[in-house]
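S.K.: Take this structure, written in structure tokens, and hold onto it; I'll ask about it next.
The values are calculated or read from the model by the stated rules, or taken from the named source; none is laboratory data. This is a predicted model, so every value here is computed, not measured. Counting neighbours? That spans all protein chains shown, and the Cβs are built from the backbone with ideal geometry, glycine included. When the accessible area is computed, the model is the full protein with side chains, heavy atoms only, and any ligands, DNA or RNA have been set aside. Shrake-Rupley method; radii C 1.70, N 1.55, O 1.52, S 1.80 Å.
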Amino acid sequence: MKSTVFVIARKELSAGLRGASFWLSLAVSAALAAALGALFVRLRPAPADERAARLVEILLLSTPPLAAAVSSGPFARERASGALETLLAAPVSDAAAVLGKFLAAAALCLGGTLVLALVAAASAGPLGLPRPDGGEIRLAAIGLAAASAAQLSWCACGLFFSLVSRREGGAAAATLVAAAASAIVAAGELPFTAPDGFAAHLDLVQFALGIADTRPVFAFLSAAAFFLFAAVRMLESRFWLLRRNP
Amino acid sequence: MVDARDLVRGFGGEPAVAGVSFSAESGERVALVGRNGAGKTTLLRLLAAVLPADSGALAVAGHDVFSDSLAVRASVGYLPEGAPLDPDLDVAGCLRYGGALRAMPRRRLRRRLHEVAEFCDLARLLRLPVRALSAGQRRTVALAAAILHDPPVLLLDDPLAALDPVQARKFAAMIASPQVSSGRLLVFATHDEALVRSAATRVLVLERGRLVGDLPSLPPGTDLPGAFEACAKAAAARPPEESGK
């Protein structure tokens, strides 16, 4: 199973890098990251030791287009072309097919996020030096873990919608809505929302003060596991093959 | 090679395959014929282990489909209806991807790729993206992908559909050639009478999911609709426990 997972992942990764949707969505997400960075600096100035948390918020809010674009294509395209039946006729388990495509989408998404992190850091202003107790470093680490877990959950969600939906565009739109909603809930304190929402960065600040609250990370990882499981079950059902010829 | 007993597969409460039983051995070229919706595609999907049966027993190339579906898929070459190919790849990539999914050793994959490309006349198309291929070329690439791993069982679903007469004749000759059909069991679903007459050594007639006829060949002077009618009538006249077997 391991080797087929990597065969599928490699093929999807190379197809993703060659496709226009990855680069286009990366450009959109980068523009969003730059805009949000500038907005945060202007409307909610924060002390240097909180800026890393702000970066996490910017990443959370700017990556949904990227996640939606890279994860909603693989199954939808193959369903539309019929190539999914060819894949399922190969000695590949359903779980391996889902995992292979998930790994490729996650790699594209996390790779793109590194670019977005640089854009966000550049637009959000100087981050300041880490304090001697390393609080900001820890804060940034847990924040990046939460942002990465969010990406994984959105990729899994996108794969699920990619299987359910007939069109790649429909799957991308559904993923974008779900990802953006969860990002807004997780990011919480936006310049234009109430300050006491489900603010991930408040948890992160607490973490920097020595209170380890990793709920956002585990919530996103649980969501990823759920959507992966749901995608495997959908694939197993072969529901798109269950219609008779006219 | 294939041993099916009382295979049943339903869609939304309606049986698409209703108690089909048959056996076929290596070297046979079996044509599945029947009207649209008779269950040909579903039966091929069951044989390819793409779709699980609701009940019955099915062994393909010595492997049980229910308990070892991956081994069955490894033993089967399958050309689905419409000959779908991965739109993200070029022709060589498509063939290599299929070989890699079947864990073919690199050297063997290279040798087989060369052989099937030569046999199917694909050498000049290998670098072309799948999107740029004509219907006939796509069909040929899909056939090449299906025989690449030299499977003991080859399943073709409506291989001549949507081909013009020239392409259809060329493709039919390819299917009947020893490179494709000798030494293995070939099962193909078709509406093409000429293909049935030229390539099949056995004809299975399906009607509403039931196997209503098992003929050594299409009788002379009888066209496919005539064969459907005759087999359906004969099946209706048989006692219920014998029909579908």
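S.K.: Among the residues of segment B:164-191, count how many are under 21 Å from B:Phe22 (Cβ atoms) and open to solvent by 20 Å² or more (accessible area, probe 1.4 Å).
M.R.: Count: 2.
S.K.: Output the residue which, of all residues in segment B:35-91 that are away from every other protein chain (no Cβ under 11 Å) and farther than 29 Å from B:Glu14 by Cβ, is surrounded by the fewest Cβ atoms within 10 Å (Cβ to Cβ).
M.R.: Within segment B:35-91, the match that is surrounded by the fewest Cβ atoms within 10 Å (Cβ to Cβ) is B:Gly62.
S.K.: Something else: Restricting segment A:56-86 to residues that are in contact with a Phe, Trp or Tyr (Cβ under 9 Å, 6 or more places away or on another chain) and surrounded by fewer than 24 Cβ atoms within 10 Å (Cβ to Cβ), which is farthest from the other protein chains (Cβ to nearest Cβ)?
M.R.: Per the criteria, the residue is A:Arg79.
S.K.: Now for a separate question. Restricting segment B:92-108 to residues that are farther than 22 Å from A:Glu85 by Cα and within 14 Å of chain A (Cβ to nearest Cβ), which is most open to solvent (accessible area, probe 1.4 Å)?
M.R.: Within segment B:92-108, the match that is most open to solvent (accessible area, probe 1.4 Å) is B:Arg106.
S.K.: Moving on. In segment A:11-40, what count of residues is obtained for those that are more than 17 Å from A:Leu159 (Cβ to Cβ) and within 11 Å of chain B (Cβ to nearest Cβ)?
M.R.: Going through segment A:11-40 one residue at a time, the tally reaches 3.
S.K.: Hey, does segment A:167-176 have a residue that's at pLDDT 60 or above, assigned to a loop (DSSP other than H, G, I, E, B) and either closer than 18 Å to A:Cys109 by Cα or open to solvent by 30 Å² or more (accessible area, probe 1.4 Å) (or both)?
M.R.: Yes, that holds for at least one residue.
S.K.: Scan segment B:24-34 and give yes if some residue there is modelled with pLDDT under 95 and more than 25 Å from B:Leu148 (Cβ to Cβ), otherwise no.
M.R.: Yes, some residue in segment B:24-34 is modelled with pLDDT under 95 and more than 25 Å from B:Leu148 (Cβ to Cβ).
S.K.: Taking segment A:130-163 only, how many residues are modelled with pLDDT of 90 or more and open to solvent by 30 Å² or more (accessible area, probe 1.4 Å)?
M.R.: 3
S.K.: Could you count how many residues in segment B:1-10 are of a type outside the set (D, E, K, R) and either under 20 Å from B:Pro151 (Cα atoms) or without any contact (Cβ under 8 Å) to a residue 24 or more places away in the chain (or both)?
M.R.: Number of matching residues: 3.
S.K.: Just checking, does segment B:193-207 include any residue being within 16 Å of the chain's Cα centre (by Cα), among the polar types (S, T, N, Q) and assigned to a loop (DSSP other than H, G, I, E, B)?
M.R.: Yes; the residues of segment B:193-207 include at least one that is within 16 Å of the chain's Cα centre (by Cα), among the polar types (S, T, N, Q) and assigned to a loop (DSSP other than H, G, I, E, B).
S.K.: If we keep just the residues of segment B:23-34 that are assigned to a strand (DSSP E or B) and open to solvent by 10 Å² or more (accessible area, probe 1.4 Å), which is nearest to the other protein chains (Cβ to nearest Cβ)?
M.R.: Among them, the one singled out is B:Arg29.
S.K.: Same structure, new question: How many residues are among the basic types (Lys, Arg) and open to solvent by less than 10 Å² (accessible area, probe 1.4 Å) if we restrict to segment B:192-211?
M.R.: The number of residues fulfilling the criteria is 0.
S.K.: For segment B:5-20, which residues satisfy the criterion of being over 13 Å from B:Thr41 (Cβ atoms), touching a Ser or Thr at 6+ places or on another chain (Cβ under 8 Å) and open to solvent by 10 Å² or more (accessible area, probe 1.4 Å)?
M.R.: B:Arg5, B:Asp6, B:Val8
S.K.: In addition: Exactly one condition in (1) modelled with pLDDT of 85 or more; (2) open to solvent by 30 Å² or more (accessible area, probe 1.4 Å) is false for A:Arg42; which is it?
M.R.: Exception for A:Arg42: condition (1).
S.K.: B:Asp150: touching a residue at least 24 places away in the same chain (Cβ under 8 Å) and surrounded by fewer than 20 Cβ atoms within 10 Å (Cβ to Cβ), yes or no?
M.R.: yes
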